[in-house]
Amino acid sequence: MPLSDICVQVACASMGTLNVMSSGPPLRERKKQRTRQALIDTALALFTHRGFGGVTLDELCDEVEVSKRTFFRYFTSKEDVAMAPLEDMWRAFLEELERAEPDGRPLIALLESALMEALDRMPEDDWPGRALLSHRLSRATPSMGAHGLHFCERSTRAALEIMRRRFDLPEDPRPRFAGDMLVAAFNHALDGWADRQGPQAPDVQDLAARVRAAVAAMPGALTLTAAPR
């Protein structure tokens with residue numbers, strides 16, 4: 001797809017976000033949000049068109065007309081900006097987990113609910129397209145994959161800290177295993193979602209349904225037996 005077409009797509013997607021923001025945070029904060037989003041959209045467009053390794057940080061900053069100093073106020077690296085859509089969702093998940101109230105449900109159900117709330121918070125008109133580009137780039141770019149694994153580990157540890165601080169949980173591996181299983185279920189759902197997207201716009205509700213189906217399949221995985229062929 002030509003770079004101009006990709007830029008048009010991400011720019012149009014951004015308009016919906018900007019319209020929502022216009023009645024929200026103060027002007028200075030809205031400007032910061034616009035700069036951050038411009039960096040994400042431009043990075044995804046350039047990396048998709050030219051390949052992750054075919055774009056330097058200087059070229060990305062020149063395209064957005066910001067300095068590298070400004071870039072590093074928002075992101076730590078090219079990998080960080082390219083993974084931002086999915087990382088934003090997991091940050092929202094941690095925020096939802098901070099607010100979640102235990103009600104006797106299994107821990108995995110509570111975690112699934114927090115993840116669904118986080119997905120609901122993602123802008124439905126533009127986040128799915130960005131998340132799709134980000135995930136496809138990460139699968140084709142080893143450094144992005146490594147960055148994603150590192151972020152995933154930090155997020156899982158942060159979730160475990162929240163759970164142990166807020167909930168009465170046993171001092172054994174089960175809470176960690178619950179977090180790991182949720183991440184595995186999401187990654188499985190994300191792979192299937194990314195592989196099956198056609199000409200229609202990617203749908204966050206489809207992704208959410210795939211996550212729920214993956215979580216529902218986890219108990220069966222624990223009792224699955226391996227028989228000889």
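Inspection of the stretch 158-176 finds no residue satisfying the criterion of being closer than 21 Å to Asp195 by Cα, crowded, with 20+ Cβ neighbours inside 10 Å, assigned by TED's automatic domain parsing to the domain that holds Asp206 and under 17 Å from the mean Cα position of the chain (by Cα). Against the criterion of being acidic (Asp, Glu), out of contact with any Lys or Arg (no Cβ under 9 Å at 6 or more places or on another chain) and in the same structural domain as Ala146 (by TED's automatic domain parsing), Glu124 qualifies. On the stretch given as the stretch 141-186, residues that are touching a Gly at 6+ places or on another chain (Cβ under 8 Å) and farther than 18 Å from Arg91 by Cα total 1.
Selection of the stretch 138-164 for residues being more than 23 Å from Ala214 (Cα to Cα) and either modelled with pLDDT under 95 or in contact with a helix residue (DSSP H, G or I) (Cβ under 9 Å, 6 or more places away or on another chain) (or both) yields Ala140, Thr141, Ser143, Met144, Ala146, His147, Ile162, Arg164.
Set side by side, the residues Pro102, Pro142 differ, and just one is surrounded by fewer than 19 Cβ atoms within 10 Å (Cβ to Cβ), out of contact with any Ser or Thr (no Cβ under 6 Å at 6 or more places or on another chain) and without any contact (Cβ under 8 Å) to a residue 60 or more places away in the chain, which is Pro142.
Taken over the stretch 173-223, the residue count meeting the criterion of being assigned to a loop (DSSP other than H, G, I, E, B) and either under 16 Å from Met116 (Cα atoms) or at pLDDT below 95 (or both) is 8. Within the stretch 153-175, being among the hydrophobic types (A, V, I, L, M, F, W, C) and touching a residue at least 40 places away in the same chain (Cβ under 8 Å) holds for Ala158, Ala159, Ile162, Met163, Phe167, Leu169. Reported count of residues in the stretch 99-130, each being closer than 19 Å to Arg174 by Cα and either touching a Gly at 6+ places or on another chain (Cβ under 9 Å) or in a helix (DSSP H, G or I) (or both), is 9. If you check Ala178 against the conditions, is it without any contact (Cβ under 8 Å) to a residue 40 or more places away in the chain and among the aliphatic types (A, V, I, L, M)? Criteria not met by Ala178.
The values are calculated or read from the model by the stated rules, or taken from the named source; none is laboratory data. All figures in this text were calculated on a predicted structure; none of them were measured in a lab. With ideal geometry, Cβ positions are generated from the backbone for all residues, glycine too; neighbour counts draw on all protein chains shown.
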